[in-house]
Amino acid sequence: MSETKWYVVHTYSGYENKVKANIEKTIENRHLKDQILEVRVPMEDVTEVKNGRQRQVQRKMFPGYVLLKMVMNDDTWYVVRNIRGVTGFVGPGSKPVPLTSEEMIPLGIKDEEKIVIDLEVGDYVVVIGGAWKDSIGVIQNINKSKQVVIINVELFGRETPVEINFAEIKKVE
């Protein structure tokens, strides 16, 4: 599988959240969760003064733009490009240019270090962090690009599939 990178999509101004919702719905409908991993509209906290009163509000950092963490290929390019409200990817011509790590730092997005695990489907693991801490389960699926495993955990007497980050599990010896 190809590497995921951050790309910028230009939208009609004021349509950023609508475009984000449309992209997320398309990801779900077309089963692209493993190719388009994250959609963001960067926001910043700003102190606004109106009628002599100060208040904290969130404002879009880049009106008219949406960030996508995705695998760029012909299919994903076509799907995103043809979503209502999207005018195109940022880059020369029709060729999208990924953001560099240095460009992502001011946005508060860090390239997470990849965790390598020595686990296989069917292995027993114990959850060492998060909401499912101390739960023991069997690995059903491993998604290396998203750095998560799906394990079955017993909840109310039933086996329930749960998605857990690599950093929050440890193999049961």
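The values are calculated or read from the model by the stated rules, or taken from the named source; none is laboratory data. Note that the structure is predicted; figures quoted are calculated from it, not measured. Glycine gets a Cβ as well: all are built from the backbone with ideal geometry, and neighbour counts include every protein chain shown. The area values use the complete protein model at the heavy-atom level, side chains included, leaving out ligands, DNA and RNA. Shrake-Rupley method; radii C 1.70, N 1.55, O 1.52, S 1.80 Å.
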If I take R0 = 41 Å and measure r between the Cβ atoms of GLU44 and GLU173 in this structure, what FRET efficiency does the formula 1/(1 + (r/R0)^6) give, to the nearest 0.05?
0.35
From Cα coordinates alone, what are the radius of gyration and Dmax values for region 65-134 in angstrom?
18.1, 52
Cα to Cα, under 27 Å, and not fewer than 8 places away if on the same chain: which lysines meet these conditions relative to LYS18?
LYS5, LYS33, LYS60, LYS69, LYS95, LYS110, LYS146
Just the accessible area per residue of the chain, please: how many Å² with a 1.4 Å probe?
67 Å²
Among VAL49, SER135, VAL148 - extreme Cα towards positive end, dipole of the chain, charges at beta-carbon
VAL49
Of all accessible heavy-atom area on the chain, the percent that carbon and sulfur account for (1.4 Å)
47 percent
For the chain, give the magnitude of the charge dipole about the Cα centre (Cβ charges: +1 Lys/Arg, -1 Asp/Glu; no others), in debye to the nearest 20.
1000 debye
With a 1.4 Å probe and all protein chains kept in place, how do HIS31, HIS10 rank by accessible area, largest first?
HIS31, HIS10
If I take every Cα pair under 8 Å that is 6 or more residues apart in the chain, average their sequence separation and divide by the length, what percent do I get for the relative contact order?
21 percent
When the helices in the chain are scored as -39500 (n - 2.57) per DSSP H run of 4 or longer and the sum is shared across all residues, what 222 nm value do you end up with, to the nearest 500 deg cm²/dmol?
-4000 deg cm²/dmol
Accessible surface of TYR7 in the full protein assembly, 1.4 angstrom probe, to the nearest 10 Å²?
20 Å²
Protein-only accessible surface order, largest first, of MET70, MET61 at 1.4 Å:
MET61, MET70
Any idea what log10 I(q)/I(0) is at q = 0.14, 0.17, 0.19 Å⁻¹ for the chain, Debye with uniform C-alpha scatterers and no solvent?
-0.89, -1.07, -1.17
What accessible area, in Å² to the nearest ten, does a 1.4 Å probe give for SER135?
20 Å²
The local net charge around GLU48, scoring Lys/Arg +1 and Asp/Glu -1 for residues other than GLU48 whose Cβ lies under 11 Å from its Cβ, equals +3
Please give every one of the aspartates and glutamates within straight-line cross-link reach of LYS20, meaning a C-alpha to C-alpha distance under 16 Å, and leave out same-chain neighbours fewer than 8 residues apart.
GLU28, GLU38
Sum of side-chain charges, VAL86 neighbourhood, beta-carbon under 12 Å (Lys, Arg +1; Asp, Glu -1):
+3
Using a 1.4 Å probe on the protein heavy atoms only, what accessible surface does ARG81 show? Give it in Å² to the nearest 10.
80 Å²
